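Following: one structure in structure tokens, then a few remarks.
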């Protein structure tokens, strides 16, 4: 689910592109209290573009997922907070969304939430002869994850992981069976 809003800051907002008066504005620090106050987990904050095409993307989640009504309400609250803090000069697009079915995984909490799901993990260096490990996430802790690949469990340390994401077997989903 995604909601995009072209947002015009209130009159008197301080100027901001990526720096305000020589210091960097930390969008994550501005939005985190609002997101957590709504009972959600902040997954990612990114700011892209220049001038009229600037986009602030905020991805949130919680156990059980996030519905459109929650996204809309959070978007309004975040817009007000960003205006109050003078986040941007001129218009920018604020996009608030949930991660979706296929999502990037970063950190132990996100891995723990996806135990039992199919994942694709790319390691910085090959592990057991491969840098790409596609299988079922079977365990996660603060140090590592365990992924079952073709019946063999591979323990991958968080420092070994270059990137990870959930993957969906769309053929099984369309048939109504899950791997």
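List of remarks:
- Residues in segment 152-172 that a label on residue 44 would reach, taking backbone N under 16 Å of a point 7 Å out along Cα→Cβ: 162-168
- Residues 146, 63 in ascending order of nearby Cβ atoms (within 10 Å, fewest first): 63, 146.
- Shape box of segment 134-179 [Cα atoms, principal axes, largest first, Å]: 36, 21, 15
- Part-to-part distance (alpha-carbon centres) for segment 55-109 and segment 120-179, which is given in Å: 27 Å
Just so you know, all these numbers are worked out from the coordinates, no wet-lab data involved. These numbers were taken from a predicted model, which means no experiment stands behind them. Neighbour counts are summed over all protein chains in view; Cβ atoms, including those assigned to glycine, are modelled from backbone coordinates with ideal geometry.
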